[in-house]
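What follows is one structure encoded as structure tokens, with my remarks underneath.
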Amino acid sequence: MAKVIVVGAGIAGIAAAIRLRASGHAVSVYEANAYPGGKLSDFEEASFRFDAGPSLFTMPEFVEELFSLFNEPVAPHFQYEQLAIGCHYFYEDGTQFNSPTNREQFAELLEQQLGEDKNAVRAFFKKAAFLYKITAPVFLENSLHQLSTYLNRKGIRGIANLWRINLFSTMHQVNAKRFKKEKTIQLFNRFATYNGSNPYQAPATLNIIPHLEFGLGVFFPKGGMVSITNSLVDLAKRHGVQFYFNSKVEQILTQENKVKGVLIAGESIAADQVVCNIDVFPAYKYLLPQIEMPEKVKQVNSSSSALVFYWGIKKEFKQLGLHNILFSENYKKEFDAIFKSNTIDSDPTIYINITSKLNPSDAPVGHENWFLMINVPANTGQAWDGLIETARANILNKLNRMLKTDVSELIVYESVLDPRTIEIKTSSYRGALYGSSSNDRMAAFFRHANFTSAVQGLYFCGGSVHPGGGIPLCLLSAKITAALVNKKKGKE
Ligand SMILES: Cc1cc2nc3c(=O)[nH]c(=O)nc-3n(C[C@H](O)[C@H](O)[C@H](O)COP(=O)(O)OP(=O)(O)OC[C@H]3O[C@@H](n4cnc5c(N)ncnc54)[C@H](O)[C@@H]3O)c2cc1C
């Protein structure tokens, strides 16, 4: 039995701890914050509960798998429901489209309401399912940096089909060719934002993302997103994982290229293996000053970040659901502002998540808890206070126009999260939500591996390393990392 230390209790760190404990290791998790979950946490203020970060839940089977490692039933600890409507879309011309998650219903309704050809939509979903089937085993479910990934039936099939995964066209190019209605193109382009990318730059391979929502389903956890974190921390604790909060790791200790443990408050804590769940940039910069930071980490092409307003609203909006998108008029201009000019467009697409729609206790009677988010660039030292003030005014004008209500009058609680505070709260480099963007067709290969050949016994999991950010991929990253620890792989 090895002694394993996990640095950081983000969702990937928690999942890695569970997997390693299930394999019989002694596992301790050290977390800088007073609470677990990192981005996947929540808070309560003025009788409103807010999920702090992620709001969209797909692939619950990756959570369930963790319970099955201990033969525990999931339902007593974690429950969720499948959504029939994935998102309520609003366009500036007054069109509203409530998007069914059922593919066939979606295609029919899109034809009826937006005039899109339902056969084009069906063909899109078929291709998305195909892309998922051939890319997932190579790009998502295994280490990209181990030969064994490629030397099996699925790996060989994936490689053989690489020419079919649309690496050389952008998402927008493929979507603009496939669909005839601008509104449909915008709707499908939006899926690039699910991993913080730009649909006008990212390869069309990212058209696998709609498959998660329409092919595999969208879900809402009972009690809100934070119940993913809480149920997994409880599971880990029940089986003997030790958690230490308010315990910031100052250094990962190494000797002769072997990991030795960690340094916390000046005290060395020994370990046979260390799994680092924090963003890989601060990990090298602050925790591993003795190791040279790899070039690809230095030159990371950050994913987008977010500006979030948590608003307590003293009204119920019947036209809104759990997930709502109020689209910008000019999507290209919005993404150019984020990824080329490093700023916020004057007409940003607004996302509003309202968990009180399904979890009424999240807001007082007659009220709603709005998590209102726009995509913004990662923090490179912009004058955020001014940008946020302008964005807030533009958002309120847009809400006024599109919901025909003066929302500013209805805000009874407000707090703000921006790229600077995301970085402070979770150490995510530049406040990027998903580590690096997938704007480059080689992005998957630029992401850091789940181990390093520079230090034996040191592993990485989480949104900034392979296979990338977002809850499902973070859970897969924990799975890949735990498998590597068990194989004691330390060489690329
Ligand atoms: C506003 C927002 C919206 C998002 N929306 C979605 C969504 O809808 N769906 C989705 O799937 N994903 C979404 N994401 C992305 C998702 O939240 C992340 O990809 C995922 O939660 C990252 O998990 P992680 O394991 O990498 O760790 P993180 O959540 O980044 O946590 C890292 C942990 O390490 C700790 N730490 C840092 N330094 C140290 C140290 N020196 N010592 C000890 N501990 C340390 C931090 O305190 C933190 O708890 C969103 C993110 C944000 C911020």
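The values are calculated or read from the model by the stated rules, or taken from the named source; none is laboratory data. What you see is a predicted model, and the numbers here were worked out from it, not measured in a lab. Cβ placement follows ideal geometry from the backbone for every residue including glycine, while neighbour counts extend to all protein chains displayed.
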Worksheet item: Quick check: is even one residue across the range 346-357 over 23 Å from residue 196 (Cα atoms), in a loop (DSSP other than H, G, I, E, B) and acidic (Asp, Glu)?
Response: no
Worksheet item: For the range 103-133, how many residues are in contact (Cβ under 8 Å) with a residue 60 or more places away in the chain and surrounded by 15 or more Cβ atoms within 10 Å (Cβ to Cβ)?
Response: 15
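Looking only at strands (runs of 3 or more DSSP E) that fall completely inside the range 264-333, which ones have 1 or more residues that are farther than 27 Å from residue 344 by Cα?
267-270, 273-276
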Worksheet entry | Single match in 261, 215, 224, 240 (criterion: in contact with a Leu (Cβ under 7 Å, 6 or more places away or on another chain) and either farther than 18 Å from residue 27 by Cα or at pLDDT 95 or above (or both)) | 261
Worksheet, complete the sentence: Per the filter on the range 230-263, residues part of a loop (DSSP other than H, G, I, E, B) and without any contact (Cβ under 8 Å) to a residue 60 or more places away in the chain are 256
Item to complete: Could you please let me know if residue 61 is within 16 Å of the ligand (Cβ to nearest atom) and without any contact (Cβ under 8 Å) to a residue 40 or more places away in the chain?
Response: yes
Fill in: Single match in 26, 52, 34 (criterion: of a type in the set (A, V, I, L, M, F, W, C), crowded, with 17+ Cβ neighbours inside 10 Å and under 29 Å from residue 252 (Cα atoms))
52
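Please give the helices (runs of 4 or more DSSP H) falling wholly within the range 1-114 in which 1 or more residues are among the aromatic types (Phe, Trp, Tyr). Spell out the reasoning first.
Values: elements: 11-22, 61-68, 103-114.
Ranges flagged: 61-68, 103-114.
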Practice prompt. Answer yes or no: is there a residue in the range 236-247 that is buried (at least 18 other Cβ atoms within 10 Å of the Cβ), under 27 Å from the mean Cα position of the chain (by Cα) and of a type in the set (Phe, Trp, Tyr).
Written response: yes
Response to the item:
Pairs returned, first residue in the range 407-422 that is within 14 Å of residue 395 (Cα to Cα) and assigned by TED's automatic domain parsing to the domain that holds residue 362, second residue that is within 12 Å of the ligand (Cβ to nearest atom) and of a type outside the set (Ser, Thr, Tyr), beta-carbon separation under 6 angstrom, 6 or more apart or interchain, are 416/309
Practice prompt. Filter the range 26-58 down to the residues that are among the small types (Gly, Ala, Ser) and more than 20 Å from residue 235 (Cβ to Cβ), then identify the one that is farthest from the ligand (Cβ to nearest atom).
Written response: 47
Worksheet entry | Odd one out for residue 479, checked against (1) over 27 Å from residue 190 (Cα atoms); (2) over 20 Å from the mean Cα position of the chain (by Cα) | (2)
Item to complete: Mind listing just one residue for me: the one in the range 275-322 that is charged (D, E, K, R) and away from the ligand (no atom under 13 Å from the Cβ) and, of those, farthest from residue 98 (Cα to Cα)?
Response: 292
Worksheet item: Quick check, is residue 346 crowded, with 22+ Cβ neighbours inside 10 Å, over 22 Å from residue 176 (Cβ atoms) and touching a residue at least 12 places away in the same chain (Cβ under 8 Å)?
Response: no
Item to complete: Search the range 198-229 for residues being in a helix (DSSP H, G or I) and touching a strand residue (DSSP E or B) at 6+ places or on another chain (Cβ under 8 Å), and hand back the single one that is farthest from residue 56 (Cα to Cα).
Response: 204
Item to complete: Please find, within the range 169-200, the residue that is surrounded by the most Cβ atoms within 10 Å (Cβ to Cβ) out of those that are in contact (Cβ under 8 Å) with a residue 40 or more places away in the chain and hydroxyl-bearing (Ser, Thr, Tyr).
Response: 197
Worksheet item: Out of the range 453-492, which residues are over 20 Å from residue 66 (Cα atoms), in a loop (DSSP other than H, G, I, E, B) and touching a helix residue (DSSP H, G or I) at 6+ places or on another chain (Cβ under 9 Å)?
Response: 457, 464, 489, 490
Item to complete: Just name the residue that is nearest to residue 304 (Cα to Cα) out of those in the range 376-406 that are free of Cβ contacts under 8 Å to residues at least 24 places away in the same chain, outside any helix (DSSP H, G or I) and under 26 Å from the mean Cα position of the chain (by Cα).
Response: 381
Practice prompt. Considering (1) part of a helix (DSSP H, G or I); (2) of a type in the set (A, V, I, L, M); (3) surrounded by 22 or more Cβ atoms within 10 Å (Cβ to Cβ), say which one residue 337 fails and leave the rest.
Written response: (3)
Item to complete: Report the residue count in the range 451-465 for those that are within 12 Å of the ligand (Cβ to nearest atom) and more than 13 Å from the chain's Cα centre (by Cα).
Response: 2
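Would you pick out the residues in the range 284-329 that are basic (Lys, Arg) and at pLDDT 95 or above?
285, 314, 315, 318
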